[in-house]
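Visitor: Next up is a structure, given as structure tokens.
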There are 2 protein chains.
Amino acid sequence: MIRYYNLNGKLTEVARASLQVSDLAILRGFGIFDYFLVKKHQPLFLADYLDRFYNSAEKLGLSVPVERSEMTRLIRELIAANGLEDAGIRLVMTGGYAADSYTPVAPNLIIMQHEFKAPPAWQYDQGIRLMAYDHQRELPEIKSINYLTGIRLQPTLKAQQADYLLYHDQGVIRESDRSNFFGLTDDGILVTPDDKILRGITRKQILQLAADIVPVEEREMGMDEIPRLKEAFLTSSTKGVMPVVQIDDQPIGDGRPGDLTYKLGELFQELVGAYRMV
Amino acid sequence: MIRYYNLNGKLTEVARASLQVSDLAILRGFGIFDYFLVKKHQPLFLADYLDRFYNSAEKLGLSVPVERSEMTRLIRELIAANGLEDAGIRLVMTGGYAADSYTPVAPNLIIMQHEFKAPPAWQYDQGIRLMAYDHQRELPEIKSINYLTGIRLQPTLKAQQADYLLYHDQGVIRESDRSNFFGLTDDGILVTPDDKILRGITRKQILQLAADIVPVEEREMGMDEIPRLKEAFLTSSTKGVMPVVQIDDQPIGDGRPGDLTYKLGELFQELVGAYRMV
């Protein structure tokens, strides 16, 4: 059971952690967040996530009210207070209580802890299906809280019997709604889009792990390359390495999770298992 | 002084009107809103605003928890409770408290009242300046709470000594960040964009008022038409008819508010002054 969040620097019981309705997240969807896993009380790859969080804030013109060392202390305090070995941590920062309903003021900073439910095992065993959708995320390099399109399309996804979205910008592949996309080409090169995407922390780890075993390219990928892919997968902090076996009506390779996908998933789990915060 | 908001059907003191941090507006910027003025205790053009609000909800897959007649009653109750003759009313509805941080559940509905501060008189006397920006708003026909780009660019606007944004989609004019755009061409036609914009209620009224005095076209407008405009203005519930005298470095007409702009502003104020809710 999660008993506490941290609201503006103070441990706060979950039911009491609330924001007044004049907050700019509520009025204007204006805020950033980040999310990472905790394993054996260790926040995974914390330095990378904090880099991104502080960077998102700066790019939106917001100033995080605590330094990184204090943020780390607050995160550790929350992990200790809730007492869960494994969990997810969500950092959220909003534009604050705006008198004019538009101009950011002192941000509200919330550190939440969630019980972590991994995706169902069948998704790793059988692989998942993507629905392609022409959409360029707004300010993609910033981990903003804007998920209008992703959430709005969830019923459509279900109706199409697909699991996640694959955004493309007029035929140029970008990313899934909460994950990065990788494809293994028929000539054996692992490719992932590099432009107008969120640079995932898991994506970064996978690029490093893959570099030892396969040629890797970060470059523009066209939707027209999909029929020629041998394997494909998504990466994210919650999914790790998630095999993709179909995009719209197009099966990937032989329609089953591929060997490279499986190998990278294994290497990533080993990395996570061996992780110790420095 | 505004003492009350209405939170999920109940009059609630402003300082106590808050949402738990698991609300989807805070976690995912997922919500809609609308805003209209109250004059002499009368909500202006309420039927139009409620049409749009319920339509925005439907398009995002959200269900407003009260019928229109009950919504109208709650709005009137709030206006009576706060006792202000003139004000602004903001309706906000979010995706609710999502257990999985992603899937909308029972929405939270907030009715807020704000003291209405009209734009400064000099803006109407001298006209305002726009900064053009290449941006297509996401789900433009829905009045969602997503104002990431508009808010992020406020410091840039100030640095450029401009007052508002003019969004264009690769050279095709759309709208300002919180207003619709109109231009009077050199051959005397009043033009306003018709595609991928929010259909403003003030825009609708101006189209009706203008139809009696000038040829009107709702059509695609190119940025390349700006040098040939004789007049330009923005419309919104807070601005009414706001003259535009410059876009980037390009003066509009002779660089002063135009006669048609002035006339339409006057007609709109007369309409507002004579408004009685039916």
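The values are calculated or read from the model by the stated rules, or taken from the named source; none is laboratory data. These numbers were taken from a predicted model, which means no experiment stands behind them. Glycine also receives a Cβ, built like all others from the backbone with ideal geometry; neighbour counts cover every protein chain displayed.
Visitor: Examine the stretch B:31-44 for a residue that is more than 21 Å from residue B:240 (Cβ to Cβ), modelled with pLDDT of 95 or more and either under 23 Å from the mean Cα position of the chain (by Cα) or part of a loop (DSSP other than H, G, I, E, B) (or both), and state whether such a residue exists.
Guide: Scanning the stretch B:31-44 turns up at least one residue that is more than 21 Å from residue B:240 (Cβ to Cβ), modelled with pLDDT of 95 or more and either under 23 Å from the mean Cα position of the chain (by Cα) or part of a loop (DSSP other than H, G, I, E, B) (or both).
Visitor: Any chance you could count how many residues in the stretch A:151-164 are more than 8 Å from chain B (Cβ to nearest Cβ) and buried (at least 16 other Cβ atoms within 10 Å of the Cβ)?
Guide: Counting residues in the stretch A:151-164 that are more than 8 Å from chain B (Cβ to nearest Cβ) and buried (at least 16 other Cβ atoms within 10 Å of the Cβ) gives 5.
Visitor: With respect to residue B:162, is the statement that it is part of a loop (DSSP other than H, G, I, E, B) and aliphatic (A, V, I, L, M) true?
Guide: yes
Visitor: Can you tell me which residue is nearest to the other protein chains (Cβ to nearest Cβ) among those in the stretch B:127-150 that are outside any loop (DSSP other than H, G, I, E, B) and under 27 Å from residue B:87 (Cβ atoms)?
Guide: Selected residue: B:144.
Visitor: Could you please give the count of residues in the stretch B:139-150 that are among the acidic types (Asp, Glu) and buried (at least 20 other Cβ atoms within 10 Å of the Cβ)?
Guide: Matching residues across the stretch B:139-150 total 0.
Visitor: Which condition number in (1) under 25 Å from residue A:105 (Cβ atoms); (2) more than 24 Å from the chain's Cα centre (by Cα); (3) of a type outside the set (Asp, Glu) is the one that residue A:15 fails?
Guide: That leaves (1) as the condition not met.
Visitor: Right, something else. Mind checking which strands (runs of 3 or more DSSP E) fall wholly inside the stretch B:182-242 and carry at least 1 residues that are β-branched (Val, Ile, Thr), within 20 Å of residue B:141 (Cβ to Cβ) and in the same structural domain as residue B:146 (by TED's automatic domain parsing)?
Guide: B:190-192, B:229-236
Visitor: Restricting the first residue to the stretch B:104-116 and requiring it to be at the interface with chain A (Cβ under 9 Å from one of its Cβ atoms), which pairs with a second residue that is assigned to a strand (DSSP E or B) and surrounded by fewer than 22 Cβ atoms within 10 Å (Cβ to Cβ) meet a Cβ separation below 6 Å and a spacing of at least six or different chains?
Guide: Here the result reads B:110/B:7; B:112/B:90; B:114/B:88, each pair linking the stretch B:104-116 to a residue that is assigned to a strand (DSSP E or B) and surrounded by fewer than 22 Cβ atoms within 10 Å (Cβ to Cβ).
Visitor: For residue B:58, work out the one condition from (1) of a type outside the set (Phe, Trp, Tyr); (2) in a helix (DSSP H, G or I); (3) facing another protein chain (nearest Cβ under 8 Å) it doesn't fulfil.
Guide: All conditions are met except number (3).
Visitor: While we're here: Within the stretch B:113-160, which residues are among the hydrophobic types (A, V, I, L, M, F, W, C), under 16 Å from the mean Cα position of the chain (by Cα) and on the phi < 0 side of the Ramachandran plot?
Guide: B:116, B:118, B:142, B:145, B:148, B:151
Visitor: Being of a type in the set (D, E, K, R) and in a strand (DSSP E or B): is that true of residue A:51 here?
Guide: no
Visitor: Let me ask something else. Could you please find all residues in the stretch B:165-197 being within 14 Å of chain A (Cβ to nearest Cβ) and of a type in the set (A, V, I, L, M)?
Guide: Within the stretch B:165-197, just B:165 meets the criteria.
Visitor: Within the stretch A:1-30, track down each residue that is of a type in the set (A, V, I, L, M, F, W, C), outside any loop (DSSP other than H, G, I, E, B) and within 10 Å of another protein chain (Cβ to nearest Cβ).
Guide: Scanning the stretch A:1-30 gives A:7, A:14, A:15, A:19, A:24, A:25, A:26, A:27.
Visitor: Can residue A:203 be described as more than 13 Å from the chain's Cα centre (by Cα), more than 13 Å from residue A:260 (Cα to Cα) and charged (D, E, K, R)?
Guide: Judged against the criteria, residue A:203 is not a match.
Residue by residue, here is whether (1) under 27 Å from residue A:266 (Cα atoms); (2) touching a residue at least 24 places away in the same chain (Cβ under 8 Å); (3) buried (at least 17 other Cβ atoms within 10 Å of the Cβ) holds:
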residue: A:49; (1), (2), (3): yes, yes, yes
residue: A:53; (1), (2), (3): no, yes, yes
residue: A:62; (1), (2), (3): no, yes, yes
residue: A:72; (1), (2), (3): no, yes, no
residue: A:78; (1), (2), (3): no, yes, yes
residue: A:87; (1), (2), (3): yes, yes, yes
residue: A:100; (1), (2), (3): no, no, no
residue: A:119; (1), (2), (3): yes, yes, no
residue: A:135; (1), (2), (3): no, yes, yes
